[in-house]
Structure formats: C-alpha cells, structure tokens
Amino acid sequence: MTDKRLKQKFRRIVGADAFLDNPAATATYSYDSSLLTARPDFVLFPQTAEQVAQVVTLLFRERIPYLARGAGTNLSGGSIPLKGGAVISLTRMKRILSIEPENFCARVEPGVTNLEFQQALSEHGFFFAPDPASQRVSTIGGNVAENSGGPHCLKYGVTTNHILGLKLVTPDGNIIELGGRALDAAGYDVLGLLVGSEGTLGIATEISCRILQLPPAVRTLLAIYDATEDASQTVSEIIAAGILPATLEMMDNLVIRAVEEALHAGYPTDASAILIIEVDGIAEGLAETVRMIEDICRRNRVREVRVARDEREREQLWAGRRGAFGAVARLFPNYSVSDGTVPRNKLPEVLRQVSEIGKKYALEIGNVFHAGDGNLHPLIFFDVRDPQQTERVHRAGKEILEACVAAGGTISGEHGVGAEKIDAMHLVFGVNEIELMRRLKNALDPAGVCNPRKVLPESSSETIVPPAQSPRHSSEPASDGIPSRRTYLPKNIDEIASLPHYLRQSGKSIAAMGACTLFEYLPKDIQRWKKPHGIICSPLMRSIVEHDAANLTVTAEAWLTLRELQERLAAAGQFLPLDAPSEATLGGIVAAGLSGPRRHLYGSVRDLVLGLQLVTSDGKVLRAGGKTMKNVAGYDFGKLLIGSWGTLGIIVDVTFRLMPLPKASGALIASFQRVEDALEASKRILAGRLNPALLTLMNGHAAAALAMELAFSKPDREWSLILGAEGSDSAVQAQLNGMEQACRACSGDVSARVDVSRYYSLVDIVTRLCYPPAGQQWFLSLWLSMPCGSMSDGLREVEALTGEMTSLIVAHVAGGLICTHLSTAEEVTGGACRCIVDALGARLPQSTITVLKTHTASAESMPFIVGRSAPSSWLKAVKECFDPEGLMNPAISLW
Amino acid sequence: MVDSKQMYEELSDLSAEIARCGRCGFCQSVCPVYQVSADESGVARGRIMYAKGLVSGELGFSRRNEAFFSECLLCRACVDTCFSGVRTDEIVVAGRRTLTRIQGLSPVYRHIFERLLPDHHRFGRFIRLAGTMRRMVPDQIVGAMRMFGWLGRSMERSEQLLQEVPDEFLRERLSKRENARTTMKQAALFIGCGTNFMFPHVGEATVEVLEMLGYETLILEHGCCGLPAYAHGALQAAQVLARKNIEEFAKAPDSIIVTDCSSCASFLKEYPRILSMGEERGQIGASEAESFASRVRDLTELLGDRAHVFLSARTGHRHAQKGENMGSVPGIRVTFHDPCHLSRYQRQASLARDVLRSLPGIDFIEMKEADWCCGGAGAFAVEHADLSLKILERKTRNVKASMADTVITTCPSCLMQLRSGLRDSGSRIRAIHLVELVRERIGIAIESASL
Ligand SMILES: Cc1cc2nc3c(=O)[nH]c(=O)nc-3n(C[C@H](O)[C@H](O)[C@H](O)COP(=O)(O)OP(=O)(O)OC[C@H]3O[C@@H](n4cnc5c(N)ncnc54)[C@H](O)[C@@H]3O)c2cc1C
Ligand code: SF4
Ligand code: SF4
C-alpha cells in the first residue's frame, strides 16, 4: 500500500485530528523521561479498543513497527520508537469504566492517570496500591506495562499483584481478554507475563484492577539521622523485628537539601539521612507499632523522630518524597537514575559501594529510594554537554548495577529494562533464560512489530519477519500409550536436568510428583490417564538452601514439605503465609498454584513466590526472579510456572517472601440460618475495614467435619462463618469484637471461640477441608474461582446443582473461591459429572473451575479446567515455548 | 545556510532555560491545554522540546507548528509544578516574538497595538462605532475586540457581547463624578481596558471602595498596560506602551498606582523586565521603571492589608468571622477563582481569601482547582475558541460543584469568561469582581447596622 493511502486509512480509523505526521508533532513523541530519543513516522490517538485493534491490524499487515505510549514518563526508554513507525498514544482513552467495591475491582482505560484513579477510588473509600512517585502523570497502562512500584508496595506489593484482568490488543491486532475479575484464575498466568512486559506483547486497552479499602488508620513518621549507616541499619532492624510498615523510604543529604530548597517539606537540611516510615491498619494496633519503631530508631542513634499530626503534615512529608527526583533536577543539568534492587539486609553494604563508585568516577551521587524493598535509586548527576563526564556516568551506572547483582539483587526494581538497560540483562540472566523470553516474544509477536528492540538483548531474530513466513507450527503431544511407568529419584538438579534429555530421545514424557496430596490428578491409577512415561520424585531434595531471616526470604528445594518449612521458619519467628495441606511439597504447591483461606490477607502463591528454578523438557536449568522484593528485569516467566501443574517444567527450588509470625491471633465461629445473612455479615465485616485473616463460609456438612476435628459441638444452623484475626493483641481483640457485632447484626450466633492455642489447628483444618477429605467417596471435587461479588450467585448455583447429594462447601468469601466436594449413595455416571461441571461453567461465566477430582467414569472426557484465563491459542503458545514436544506431564492440558 | 541559532535568536537566548527541562512530564498534570488535548504538543514539555528543535536546527517553523506557541494560556501552572521551575511562559512568548519578527505583524494588529491601545479615546470611539454598526464592524475593531476576548466565538456571541457594551465607559462616568475630599491620600487609578470598556461598574466600585479606604483617586491619561501586545509577541509595541505609561504616571510621583485588574497589575509590575529586553533595552532608565513598578498595587493587596480592620470598624463587628450571620446581614456562599495573574504571577492568592473571609455574612467555600486557568487568557478565548470552551467547561463544573451562589475573581478577562461559562450552562450563579462584593457587603452591613 502506498504511504499516502495507508495514512488515509489510519485517518479514517481514528479521525483526522487523531493522526499526526508532521515533523514537529512526531518530534514531541520522540522522547520519554529517559535520555534516549528517536522519532516515529506518525502518531495516532485512538479512542476505543476497536480503533486500537484496527490500527494494529493494519500496522501488522504492513509490518510497520509500533508502540503504545502512556504519559511518556518511563525512565528506561520504553516508549522511544527506535525503529520509527507508529506511536499509539493512549492518552485519550481515559475513562474510569467502573468501580465495583463488591468485587474489590475497578476497570479503567489505559490512559487514566494513577492519581486520577486514586482520587476517584478514595471517594468510595478504596485505593489502588501501586503508587509510583510519578502518579500525578503516569498512566495505569504505563504502570501495568512497567510493573511499577511505589512507596506503599513494601506492604502491598507491586502492580502485578493488583491486576485482575486485561483487555489486550494482540501484536497482530486481535482483541483478547486475559484474566477477569477473579483473584486467582486457574491456568497459565499469561496475565502475569503481560504485566511488566513493557508493551512488547500487546497493548492493554482496558484494565481490571484490584482495589483495596483505605486503611482505617495511618501514622507517618519522619526519622532524622546524623549518619546514613544508622538509617539503613534502622531499616534492616525494622524488617527483622517483624514489623511490616506500609512504606519505608530513605533520602540522603544531597537529596534532602534539594527537596527542601524546592519544596519546603520541612526536612532538616543538615541531616545525613531521613526515613519516611508509614504504618497503617487497625487503629488499635498502630500506637504499639509506632512505639516499637521509635525504639528501633532510638537504638540506632536517631536525632529526632517526628510524627505527622494531621493529614496536612503527612501530605507535606510525602510531597517532599514524591518531588525528590524533580527537586534534584534543579541543581544539576542532568541526572541518570539507577534502579538496582538488593536483598534488604545488603543495603548498608551496597550504599557504601555506591558512594565509593561515585568517588572513583568523580561524580556526585544522591540517594532517594524505597529502602524497605531494597530498591535503590542512586541519582548520578552530570552535564550531558560534557561527553567525558557522560561516559563516566555510564561506567558508574554499570558498576552500580554489577554491585547490586553481586549482592544477590537485580538490575531493575521498577523502572524496567526498556532500551537503556538491555546490556545489563546479561548480568542477571543466562542465555537459556533469554532464549526462553525470546521464544515467548516470537510466539506472541511473530512479526516482531510490537515495540521492537526493547527488553531483550539484540539477536538475529530481531528483524521483522515478512508476512509470508510467519508459521506457528503446532506439535502434537507425545503419543499416548500405556507403558510401564518408571519412577526416577534424582538426587540433585544435575540429575534432574539429565533426565529429560535422556527421555526425550525416545519421545518419552515425564511428570514431577510431590507428596501426592494435591495431585489427585497425577498418576495413581494407571488406567485413566494419558500417563507420563516417567515420574520424577526427589524426596532427597528437601533442604533449605537459604533462609535469609533479615531479608524475610527463604529458598528451599522443591520436595521439602510445607510442614517442615514452617517448623524451621517458626524457630526464627517467621512463616510462609500459604495455606496448603501441610504434607504437600513446595514444588507441588507452586505448580498447583492453589490459594487458601488466608489469601485475602496474605496473597496467593503468585504474590509470594519471588523466584524459582526449573528444569525444562530439553534439560535446561532456568532461573526466574530472585530474592528481591521487586524485580522487573525481563519477562516474568516464572509466573507461568505457578499453576502450571507440572506441564511447563520441573520446579527444583523456590524462593518465597516470608512474614513475621503475628503476635496474636484468634477466631470465632458464627452460625447462620440463611446463607444471605452470613454473606451480609461478611460484607459488613469487609466494609468495616476489619481486614480479617479468615473469612470462610461453610455449609453444615463442612462445619460438622470442622467441629468434629476441633471437638466442638456441631453448630445447629446450616451456615457457619469462620472468622479469624491476626496482628497485635489489641488489634486482634478489636477485630474480633467488630466481627462479632457484624454477625449478630445479621442474626448470626457465635457458636465458638478459638484462642491462640488452637488458632493454627483451625487454619489447618479449614485448609484441609478445601481438599476432598479422606474417609468418604467423593465423586467430584471442584474449586471455583470467581469475582468476590459473585459469591452469592456462586453458592446458589453450587447448591442448586448438587441438589440431593451430600456436598461439602467451603467458601473463602474475600478470596472469591468456593471449594466443594460431592458424594452420593447412588451410582454416578461420568455423564452426570460432566453435566454438573458444564452447567456450573455456563452459569458462572466469570469464573474458572478447577476439577480436582472426578469420577473414574468421566475422567477421560473431563476437562481439568473449565473457563479460560486467556485464549487457548495463547495458552498453547506458552506450552510450546517451554515444552514444544509435549513431554511434560501430558496428563494435564491447560489450554 | 541560515544559522538556526540566529534565525530563532529569541529562543536561543533562552537555551539554558530550555536545557533545564528534565522531561519528567509532570507538567501534564496541571496544564489545562494538555488536559483537554492529551497531546504532547500542548504541554510545556512539548513546547520546550519544539523550541529546542528550532534552536538546534532539527525542526523548522511552519504555520502548522504555530500551535506550539499560540495554544498556550501563559497561565504558568507548569512553571509552578515544574521542580526545575522551567519558565515555559517565557519560552512561549519568546517563540511568539520570533514568529512576529519573521512573519511581521498583520496590519490589523499593528493598527491595534500602535493606534488603539495607546489612546483610550480613539479606542473608545471605535468600540462605540462597533456597537452601532453591529455586523459591519471594521476589521481593526473586530481585531481589537478579539484581542481582549470581547468578540465572540460565533457571530451570535459577538452580537450579544456588543449589546453588552455599556452606554458609558468608566472614564466617562468618572469624569462626572464629584471629586472626593482632598485631605485624603492619593491613589492613581490604572484603568484597564476591560474595566473601562466592559465593566465600568467594577471601576466605580473600585473608586468608591478606595474612598472608604481613605484614598482619593486620581485619573490619568494612560493607555493599555501592554500585556496583549506582549503576549502576541509584539514586544516593541508593549515597550512603547510601557514607556508612555511610566511617563504619564510620573505626573503623580508620590501616589500609589492601583488597578482592579490583576492582569494589568502583574504586567505593570513586570515593566522593568520588559523594558530590559530586546532592542529597546536602556531607552528608559532602569530606576524609573523600578520605581514605577514599586508603586503598583493590585487592588487585592490594598483590600487584603486594610479591609479587615476597616470593615469590622465600620460594621461594629470587630471579629467578623467566616459564615457568621452578621446581625441581619444575609449570608451568601462565595467561592473564589484565582486569576493566574493574581495567584501565580503576583502570589497573592491567600490575600484574596483573607479579604473574603473578613467580609460580613460570607460563607467562603474553596472550590476544586480554584487556581486552574479559566481558559479566558485574553485573546485565547477567541483565537482558540474550542480549546477555551473545553477548558472553561471544567472550570464551570468546579464552580457549580462548590455549591456557591457567587463566584468572585479579580480580573475582567476571567470575569467575562466565567460569566459566559455560567450563562451557557444555564447556571444562576453570579460572577462578580471582588471589589463589587466588598462594596455590596459593606453597603449591606452599614444599612443593617444603622437600622
Ligand atoms: C519523576 C519520576 C518519578 C518516577 N517514579 C517512579 C516510581 O516511583 N515507581 C515506578 O515504578 N516508576 C517511576 N517512574 C517511571 C514511570 O513513571 C513509570 O514507569 C510509569 O509506569 C510509566 O507510565 P507512563 O504512562 O508514563 O508510560 P510510558 O512511559 O508512556 O510507557 C512505558 C512503557 O509502557 C508501554 N505502555 C504504555 N501504555 C501501554 C498500554 N496501554 N499497553 C501496553 N503497553 C503500554 C510503553 O510502550 C512503554 O514501553 C518515575 C518517572 C519519573 C519521571
Ligand atoms: S517543563 Fe518541567 S515539569 Fe515539564 S517536563 Fe520539563 S522539567 Fe518536567
Ligand atoms: S503556561 Fe499554562 S497553558 Fe502554557 S504550557 Fe504552561 S500550563 Fe500549559
């Protein structure tokens, strides 16, 4: 197509005033907040997803490179069109589509700025946890693409932990949906791969965000230090003391002075360092936490601790922090900001190294950063007009990143790799990892037109593939057959790594096996399944590789059981807040990716895994992530392993983030006549910002089982709510009181109280009831993950369908999860099972269903997961990138 | 080959300023134009990068690119937000000067700047003529009226506005007014074009209130302050006006110079800088300009300094408090719109609020985004009507959301814009000048006190 005709077409799609191609206009899309520039050939401002899709389809067809752009504030060159082509500016797609408190979800268009979103949410008493310092301008689309972080991510996690779904225009112009409104959709976490992929795998045109209730109380402290070491020591000690502040930010003298001069935030200009510490939560517990923090500060020779007295003072303290980058900008002509991240206890050491590097290259370096996350932001000042100095800046920047990596950290905590940090990718990834990422990129963007030359180091396949030859072959999984299965018991990674290679030569498949607690699906009964030829089970690989208590992380081998891990951690006053059967192995828990009763408070497997190591079907050992809280280097392919049920690779070790064991805990059980009342009580509890640790609803059968195990008398009403609280003594008391009130107000009756001594047994039993309990023949066992607001629909459907059968229902109300197990005295046919599952799937279109167990008769035809978190073609592509020959656990297909 | 640095010398003089932009993009969050257009070319960062491109020779100038400089309100919101404090408004004006130099001034504008603005008699006669001739107004007048945003976006609006041209201009009214007692301090009144030709009642209120404050007002034969010329890149014409005004006010060397137009006030205060620019440099003594500027007062300053004491003495309510019902003084709910030239150019946003809070019977409500530009910005309202209306929409929305029944401001240009926004949206909220409110409130208070 001629240039002119093409442009006409674009104009027709987006409108003449939304298409720019004159040189001056394109020049204003040649930069972002990094130091790079490159001009696009034209700029488009679509207003709808359909327009984006049409534009992209055309661009794809013509093989014109393009990229999406939000506010253009990224610091890594992500929105620089290095290959020219089109810039698709999303700034005119800025509607907030819905705010759904009942679903803890809000849907926005990508061009909405983070702050506009926060303001709209706050009117409903909610907030969106990611709060980058650029929130006034940066867009949610940009935040998603960069997996942005901010001060509050210390407590709440980064963007990826708060995205429920995306409407995405694929690199070739199709509109697809990833995820939805539910918290933990089953299947490959393609959504998790997309977040942080820096716009290289598609354009988000609608984003479903997880929103949280504003904490009932907040305290903000400013701690002023005469020595930087004392400040960083304070940070380590606060973390080590088991306090999890909402934020823990640090600034050194140079930055303090700049901020004071520009913004008058009230920081003392002679201080060597300051910390901004914010804690939030239930008012009752806060005073105590503040006292503890003040003590730690004092132990570390703090000069002064100021507590913000009101919202205005708090705002003033934060204004200084948010304006810090800008404030230093006035002092020097240019600055370069590094974004390396280290394990938190390595902070003092790495800061010292940074300052030495500054001296070595005769450069001034200022520091303002997310200390609690170990995310450094050394600002190196220079004058770009001085080429020698600029060269020194590059070298210093590289050395800083090397120092971070050497300390066990990574090259980017939140700003992304973009174009500027591509060279540094080799510092953290080997060729195998990069090759896998490249394969994912090529599979999802076969033409290589979507934001090319970003994230991944240059390779020959970077060139744009001409239309004629973009085949995506699909290979059938290895042939079925019922061979005699062998079990391999490798002793270490090397042995595991040699296995697939060996099996592969004969086209034999393999699956990993844990303790078989979750793996009802895995090969117990040879008749039913497309069996793997070999089973890998490695009970010898059950050691703790490293427990970094000060950093609150643990790395353990995959065959360690949860119980063993928890016991070891408890000795250090910590725990892994994942609820799974305690005999399950860590590898199994991660591979299944199932969440538990305390998910609302602590997050799911996807939130808690920081890194993992795996062996792929070609025998390669790959490392994803690391042990830092934040990590946005490269694609987050580790996410795909979580919930992959062994179909992508064999997980050999995992690094988790840990939590300090709560000081106090308690629970109560309230019973209700009607399910509506129980749900209403739950609603009130959530709306009352009580932040329960447990909020699980059970039907009579489940409650009876629970009562028996705990030696309680069985509640005489049909529905029971299990309510739990964790935290400080006073906070737990306050929460339990609040919950009790809410239950009574909804005609609930408190039937039992559980104190700290039996609290963990309670959690354990509730967890186990989510899986088909032994001692009864369950013909069907389902997990339904759905938007929180659909719980009552979900429960109604489950009840209606199961009718006369005996059913056990355990529903995590705030987690949007219903677990149900069915049994009946009558004969069950395979068809009946299938019928139930299909009907549920049809009636609950927003949910995904995992079939944990099914009747033998239906096994062959029963899908493992009903409802897709991504289109089948994408799921299949993922599988093929990891395991093209289909050798990994052929028993299960997730696409 | 022409050297781009020379070609765009006004901009290349500001190279250091341009280089200070770190491209953080934060200006997007406050730029009223960007908020509407969502296009980089409408935000400080884009304008600066364009200027940079011109200076470096990478980009050229064409009609299509005019918008980079013309579609700016000069509201300085970006300057305030920018951590580096990059003076985008100056870069934009320099850009406009460059264009004016390269393209030359159109005959219409030349006529306006050189013939009408300096001479209020001639200007007045022209406007009168326009009022009677309606549709057949000569170009110069249309141009001049547009220059102040008096002539509308549509013919209908122009007609309406022309109908609003008062029967008597302020100067005519004041000439009939009895002179106050001579024992008072003197205040030389700077009568802005807007006040004179469109809002004479505002000017009258100013004179009355000044008297209450103990000032006798002095009327001189000055011309326009020169801001419209300056903002259009006609630096020389602005400088001529400035010189003339300085000379004229030298006739009352000991009195302060007061104006009820915040735009005039801020520009008059900038005379020393204006006169030190370009070729005119040194034509008038820097000290003369400085001493002139130091005598200039925005009326808000006088009110802010004195009103409280003065008013409470008058009304017998020493501690007039917000929202308190002053005896039988009926209360009203008032909000304030900051003219950019008051809050950002003169930094007197809080003074205006002090005045409001000190007035009897007023419930002061701070509206959302009170300091956001209303989109009037003189000629902007007319020259970029669509943009201006969209910017105004947001302002009008905020005024309404405040639930006030009266919106106050201190610049005739804003007043005109606010009124048109409220009228078009069918609102009954009234928009008046601060001094009108002061007079009204005192009047009511006196009445009720004497009952
Ligand atoms: C002063 C300053 C402070 C900052 N502070 C922080 C901070 O505290 N934490 C932090 O994490 N970052 C911070 N940043 C970096 C930056 O603001 C973030 O990366 C932000 O998320 C980028 O958003 P944006 O809208 O500007 O995106 P852009 O810069 O326009 O784009 C960034 C990338 O996202 C892609 N993209 C944009 N929209 C979409 C979409 N809808 N779909 C797919 N891809 C898309 C682009 O192609 C590009 O690769 C800061 C930047 C500045 C200048
Ligand atoms: S003008 Fe200021 S606020 Fe705007 S991009 Fe430049 S430095 Fe940032
Ligand atoms: S002066 Fe106002 S309109 Fe002009 S760029 Fe700055 S904020 Fe935008």
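The values are calculated or read from the model by the stated rules, or taken from the named source; none is laboratory data. Quantities reported herein were computed from a predicted structural model and do not represent experimental measurements. No Cβ is skipped: glycine too gets one built from the backbone with ideal geometry, and neighbour counts run over all protein chains shown. SASA here: full protein model, heavy atoms, side chains in, ligands and nucleic acids out. Shrake-Rupley method; radii C 1.70, N 1.55, O 1.52, S 1.80 Å.
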When you scan region A:1-92 for helices (runs of 4 or more DSSP H) that lie fully inside it, which ones turn up with 2 or more residues that are more than 23 Å from B:Lys52 (Cα to Cα)?
A:3-14, A:49-61
When you scan region A:117-125, do you find a residue that is within 14 Å of another protein chain (Cβ to nearest Cβ), buried (at least 24 other Cβ atoms within 10 Å of the Cβ) and touching a strand residue (DSSP E or B) at 6+ places or on another chain (Cβ under 8 Å), even just one?
yes
Kindly establish whether A:Glu349 is within 25 Å of A:Asp230 (Cα to Cα) and open to solvent by 50 Å² or more (accessible area, probe 1.4 Å).
yes
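Okay, residues lined up against (1) out of contact with any Gly (no Cβ under 7 Å at 6 or more places or on another chain); (2) over 17 Å from B:Gly22 (Cα atoms); (3) more than 9 Å from chain A (Cβ to nearest Cβ):
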site: B:Gly53; (1), (2), (3): yes, no, no
site: B:Gly60; (1), (2), (3): yes, yes, no
site: B:Val92; (1), (2), (3): yes, yes, yes
site: B:Arg97; (1), (2), (3): no, yes, yes
Taking the criterion of being touching a Cys at 6+ places or on another chain (Cβ under 9 Å) and closer than 30 Å to A:Arg438 by Cα, would at least one residue in region A:670-690 satisfy it?
no
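Matching residues to (1) closer than 19 Å to B:Ala265 by Cβ; (2) open to solvent by less than 10 Å² (accessible area, probe 1.4 Å); (3) at pLDDT below 90:
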{"site": "B:Leu356", "(1), (2), (3)": "yes, yes, no"}
{"site": "B:Pro360", "(1), (2), (3)": "no, yes, yes"}
{"site": "B:Gly378", "(1), (2), (3)": "yes, no, yes"}
{"site": "B:Val382", "(1), (2), (3)": "no, no, yes"}
{"site": "B:Ala385", "(1), (2), (3)": "no, no, yes"}
{"site": "B:Arg430", "(1), (2), (3)": "no, no, no"}
{"site": "B:His433", "(1), (2), (3)": "yes, yes, no"}
{"site": "B:Ile442", "(1), (2), (3)": "no, yes, yes"}
Name the pairs whose Cβ atoms lie under 8 Å apart, with the first residue in region A:133-154 and assigned by the TED database to the domain that holds A:Ala327, the second open to solvent by 10 Å² or more (accessible area, probe 1.4 Å) and within 8 Å of ligand 1 (Cβ to nearest atom), and 6 or more positions between them or separate chains?
none
For region A:682-706, give me the residue count where each residue is touching a Pro at 6+ places or on another chain (Cβ under 7 Å) and over 10 Å from A:Val766 (Cα atoms).
2
Considering region B:19-38, residues that are within 15 Å of B:Cys75 (Cβ to Cβ) and within 7 Å of chain A (Cβ to nearest Cβ), and then whichever is nearest to ligand 1 (Cβ to nearest atom), we arrive at B:Gln28
Only one residue in A:Val328, A:Val384 is within 16 Å of ligand 2 (Cβ to nearest atom), more than 28 Å from the chain's Cα centre (by Cα) and crowded, with 21+ Cβ neighbours inside 10 Å. Which one?
A:Val328
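Yes/no matrix, rows are residues, columns are (1) among the charged types (D, E, K, R); (2) surrounded by 18 or more Cβ atoms within 10 Å (Cβ to Cβ); (3) within 30 Å of B:Cys27 (Cβ to Cβ); (4) within 25 Å of the chain's Cα centre (by Cα):
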{"residue": "A:Val307", "(1), (2), (3), (4)": "no, no, no, no"}
{"residue": "A:Glu311", "(1), (2), (3), (4)": "yes, no, yes, no"}
{"residue": "A:Val342", "(1), (2), (3), (4)": "no, yes, no, yes"}
{"residue": "A:Lys359", "(1), (2), (3), (4)": "yes, no, no, no"}
{"residue": "A:Ala371", "(1), (2), (3), (4)": "no, yes, yes, yes"}
Residue under evaluation A:Gln741, criteria (1) in contact (Cβ under 8 Å) with a residue 40 or more places away in the chain; (2) in a helix (DSSP H, G or I), criterion not met
(1)
Could you say which residue among A:Val384, A:Val417 is modelled with pLDDT under 95 and farther than 23 Å from B:Arg20 by Cα?
A:Val417
Checking A:Leu121 against (1) in contact with a Lys or Arg (Cβ under 9 Å, 6 or more places away or on another chain); (2) of a type in the set (A, V, I, L, M, F, W, C); (3) in contact (Cβ under 8 Å) with a residue 60 or more places away in the chain; (4) assigned to a helix (DSSP H, G or I), which test does it fail?
(1)
Pull out all pairs, ordered by first then second residue, where Cβ-Cβ is under 7 Å, the residues are six or more apart or on different chains, the first lies in region A:24-48 and is within 27 Å of A:Arg12 (Cβ to Cβ) and facing chain B (nearest Cβ under 10 Å), and the second is of a type in the set (Val, Ile, Thr) and open to solvent by 20 Å² or more (accessible area, probe 1.4 Å).
A:Ser30/A:Thr37
Residues that are farther than 30 Å from B:Ala445 by Cα and touching a helix residue (DSSP H, G or I) at 6+ places or on another chain (Cβ under 6 Å): list the helices (runs of 4 or more DSSP H) wholly contained in region B:170-248 that include at least 2 such residues.
B:227-231
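Residue by residue, here is whether (1) free of Cβ contacts under 8 Å to residues at least 60 places away in the same chain; (2) open to solvent by less than 40 Å² (accessible area, probe 1.4 Å); (3) within 14 Å of chain A (Cβ to nearest Cβ); (4) among the small types (Gly, Ala, Ser) holds:
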{"residue": "B:Glu66", "(1), (2), (3), (4)": "yes, no, yes, no"}
{"residue": "B:Leu73", "(1), (2), (3), (4)": "no, yes, no, no"}
{"residue": "B:Arg76", "(1), (2), (3), (4)": "no, yes, no, no"}
{"residue": "B:Arg87", "(1), (2), (3), (4)": "no, no, yes, no"}
What about A:Gly625, is it surrounded by 23 or more Cβ atoms within 10 Å (Cβ to Cβ), closer than 30 Å to A:Gly409 by Cβ and touching a residue at least 12 places away in the same chain (Cβ under 8 Å)?
no
Condition check: among the hydroxyl-bearing types (Ser, Thr, Tyr), in contact with a Ser or Thr (Cβ under 8 Å, 6 or more places away or on another chain) and away from ligand 3 (no atom under 16 Å from the Cβ). Does A:Ser30 satisfy that?
yes
Is it the case that some residue within region A:159-179 is under 20 Å from the mean Cα position of the chain (by Cα), away from every other protein chain (no Cβ under 12 Å) and under 22 Å from B:Gly25 (Cα atoms)?
yes
In region A:204-217, is there at least one residue being more than 28 Å from A:Gly374 (Cβ to Cβ), open to solvent by less than 10 Å² (accessible area, probe 1.4 Å) and assigned to a loop (DSSP other than H, G, I, E, B)?
no
Leading residue by the ranking (most open to solvent (accessible area, probe 1.4 Å)) among those in region B:7-18 that are within 27 Å of the chain's Cα centre (by Cα) and within 13 Å of chain A (Cβ to nearest Cβ):
B:Glu17
Looking only at residues that are surrounded by fewer than 20 Cβ atoms within 10 Å (Cβ to Cβ) and assigned to a loop (DSSP other than H, G, I, E, B) in region B:39-60, which one is nearest to ligand 1 (Cβ to nearest atom)?
B:Glu58
Taking the stated definitions as given, is A:Ser785 surrounded by fewer than 20 Cβ atoms within 10 Å (Cβ to Cβ), hydroxyl-bearing (Ser, Thr, Tyr) and modelled with pLDDT of 90 or more?
no
Within region A:330-366, of all residues that are farther than 21 Å from A:Ser412 by Cβ and modelled with pLDDT under 90, the one nearest to the other protein chains (Cβ to nearest Cβ) is A:Arg330
Residue, farthest from A:Ile80 (Cα to Cα), within region B:15-32, restricted to residues that are touching a residue at least 12 places away in the same chain (Cβ under 8 Å) and away from ligand 2 (no atom under 13 Å from the Cβ)
B:Pro32
